[in-house]
1. So, in segment 3-62, of the ones that are of a type outside the set (A, V, I, L, M, F, W, C) and in a strand (DSSP E or B), which residue ends up surrounded by the fewest Cβ atoms within 10 Å (Cβ to Cβ)?
2. Checking LEU85 against (1) surrounded by 13 or more Cβ atoms within 10 Å (Cβ to Cβ); (2) within 16 Å of the ligand (Cβ to nearest atom): exactly one of these is not met. Which one?
3. Assess whether LEU275 counts as being outside the structural domain of LEU373 (by TED's automatic domain parsing) and either part of a loop (DSSP other than H, G, I, E, B) or in contact with a strand residue (DSSP E or B) (Cβ under 8 Å, 6 or more places away or on another chain) (or both).
4. Does any residue in segment 19-39 that is touching a residue at least 12 places away in the same chain (Cβ under 8 Å) come within less than 8 Å, Cβ to Cβ, of a residue that is assigned to a helix (DSSP H, G or I) and aromatic (Phe, Trp, Tyr) six or more places away or on a different chain, and which pairs are these?
5. Name, by its number, the condition in (1) assigned to a loop (DSSP other than H, G, I, E, B); (2) touching a Lys or Arg at 6+ places or on another chain (Cβ under 7 Å); (3) not basic (Lys, Arg) that does not hold for GLN88.
6. Restricting attention to segment 351-382, report how many residues are surrounded by fewer than 24 Cβ atoms within 10 Å (Cβ to Cβ), in contact with a strand residue (DSSP E or B) (Cβ under 8 Å, 6 or more places away or on another chain), closer than 22 Å to ALA16 by Cα and not hydroxyl-bearing (Ser, Thr, Tyr).
7. Any residue in segment 302-310 that is of a type in the set (Asp, Glu), assigned to a helix (DSSP H, G or I) and either outside the structural domain of CYS165 (by TED's automatic domain parsing) or away from the ligand (no atom under 16 Å from the Cβ) (or both)?
8. Check THR246 against each of (1) in contact with a Gly (Cβ under 9 Å, 6 or more places away or on another chain); (2) under 20 Å from TYR334 (Cα atoms); (3) not aliphatic (A, V, I, L, M) and name the one condition it does not meet.
Amino acid sequence: MLDTTWLDESSDIEEAYQLTAMLVSYKSYPGLEGPVQRAIAAWFEAEGIPVELQETEGDRPNVIVRIENGPGPVLLLNGHVDTVLEAQGWKCDPWKGQREGNMFYGLGAADMKSGVAAMMLAVRALHRRRDLWKGTLIATSVVDEEAFSIGARAIVDMGIKADACIVTEPSWDKPVIGGVGKVLVRADITGKSSHGSMPEEGINAAVEAARLVAKLDSMPLGQHPRMKSSQAVLSFHSGSDQYVITVPEKARFTINRHTVFGETDESVLAEMRELADSLNSPARFDFAIAPPYYPPWELSPDHPILGIFEKAFKIEVGKDPDYSYATFVADSNYFSSDANIPTFIFGPKGYGYHQCNESVDLSTIAGTVRVLLRFATEFMPA
Ligand SMILES: [Zn+2]
């Protein structure tokens with residue numbers, strides 16, 4: 001039986017609140033993660049836990065903790081410290097935050113500084129009680145998840161190996177065990193300019209591009225029993241910003257295309273070309289894939305690590321997890337599909353992320369710590 005005093009001491013709601021509020025107090029838009037990452041590294045250092053900074057680009061280090069505690073499995077915990085930009089309509093200072101009972105409002109409170117706080121508290125508890133487990137514990141606090149995932153890429157590119165990875169993004173009773181991938185498609189349309197009063201002498205790139213966009217809905221997207229692919233036009237540009245009476249010769253649009261297994265950047269490009277060919281357009285269509293690229297990912301619901309997780313989850317939450325599949329992409333895509341680590345997402349309960357008044361239920365930060373500790377001690381038995 002696990003020492004429940006240890007679990008309780010390691011998951012104090014007040015401490016979870018203090019730590020989350022400390023992380024939220026740093027403005028850490030993608031590109032500005034340096035200060036919060038150094039604060040996290042200093043916290044580990046003050047706790048006597050071995051910690052390193054890994055350079056990515058600019059002042060945007062990843063924080064890596066590695067605790068080697070004898071032979072045994074390797075567990076990787078991961079979170080990101082960057083946040084989306086401030087939305088309009090906050091009821092409090094998004095970086096000071098506001099506490100109301102067990103709810104804490106702040107930018108990044110849910111996505112995902114509370115998850116990083118849970119990871120930090122779990123790592124400290126496991127470092128203090130190394131007699132309770134054997135193996136290697138790695139914890140990574142990464143940058144740039146909301147943009148190009150350069151932080152997770154750097155972790156994967158250093159050749160990370162682990163037997164299980166838990167990304168502590170907000171999810172709570174709906175842990176995520178798979179998700180779509182994504183490619184960003186850029187379409188460049190070339191027509192022929194002419195006097196706007198003699199359009200028949202030109203080829204209007206805006207019109208030809210619009211014909212293709214109008215046909216996108218007829219495109220059959222990839223099918224998967226548990227995942228849903230989708231696509232959205234993100235931008236559309238043509239013509240001159242200045243008023244001139246000229247038929248535009250260039251147009252460009254971008255498509256955010258979510259993929260399922262079996263779809264690749266090549267297959268998406270081939271489908272786009274086929275659709276363009278079906279227009280019999282006089283314009284030229286060029287398609288290219290722009291970064292970032294994310295592969296789809298999935299962990300089998302029967303995987304043994306989920307058996308261990310389910311036991312820990314049930315003790316804490318009182319029911320079985322209701323697994324879900326992400327319709328968006330995250331760093332879990334890379335850990336699962338590129339680094340080949342069995343990966344799932346489990347973290348605190350958050351509300352309204354990527355919106356104003358984002359919040360987290362503080363009791364679930366403490367709950368996440370307890371689930372992580374129960375999982376770790378069974379996954380890496382002493
Ligand atoms: Zn996130």
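1. To start, the set of residues in segment 3-62 that are of a type outside the set (A, V, I, L, M, F, W, C) comprises 3-5, 8-12, 14-15, 17-18, 20, 25-31, 33-35, 37-38, 45, 47-48, 50, 52, 54-62.
Those still in the list that are in a strand (DSSP E or B) too: 52, 54, 62.
Details: GLU52: 12, GLN54: 16, ASN62: 26.
Top of the filtered list is GLU52.
2. Status for LEU85: all satisfied but (1).
3. Values: outside the structural domain of LEU373 (by TED's automatic domain parsing): yes; either part of a loop (DSSP other than H, G, I, E, B) or in contact with a strand residue (DSSP E or B) (Cβ under 8 Å, 6 or more places away or on another chain) (or both): no.
When the stated conditions are applied, LEU275 does not pass them.
4. The qualifying pairs are LEU19/TRP43.
5. Only one criterion is unmet by GLN88, namely (2).
6. Summing the residues that are surrounded by fewer than 24 Cβ atoms within 10 Å (Cβ to Cβ), in contact with a strand residue (DSSP E or B) (Cβ under 8 Å, 6 or more places away or on another chain), closer than 22 Å to ALA16 by Cα and not hydroxyl-bearing (Ser, Thr, Tyr) in segment 351-382 gives 4.
7. Looking only at segment 302-310, we keep the residues that are of a type in the set (Asp, Glu), and these are 302, 310.
Still in the running and assigned to a helix (DSSP H, G or I): 310.
Subsequent filtering for residues that are either outside the structural domain of CYS165 (by TED's automatic domain parsing) or away from the ligand (no atom under 16 Å from the Cβ) (or both) retains 310.
The answer is yes, given that some residue of segment 302-310 is of a type in the set (Asp, Glu), assigned to a helix (DSSP H, G or I) and either outside the structural domain of CYS165 (by TED's automatic domain parsing) or away from the ligand (no atom under 16 Å from the Cβ) (or both).
8. (2)
The values are calculated or read from the model by the stated rules, or taken from the named source; none is laboratory data. What you are looking at is a predicted structure, and each value in this text was computed from that prediction instead of being measured. For neighbour counting, all protein chains shown are included, and Cβ atoms are generated from backbone atoms with ideal geometry for every residue, glycine included.
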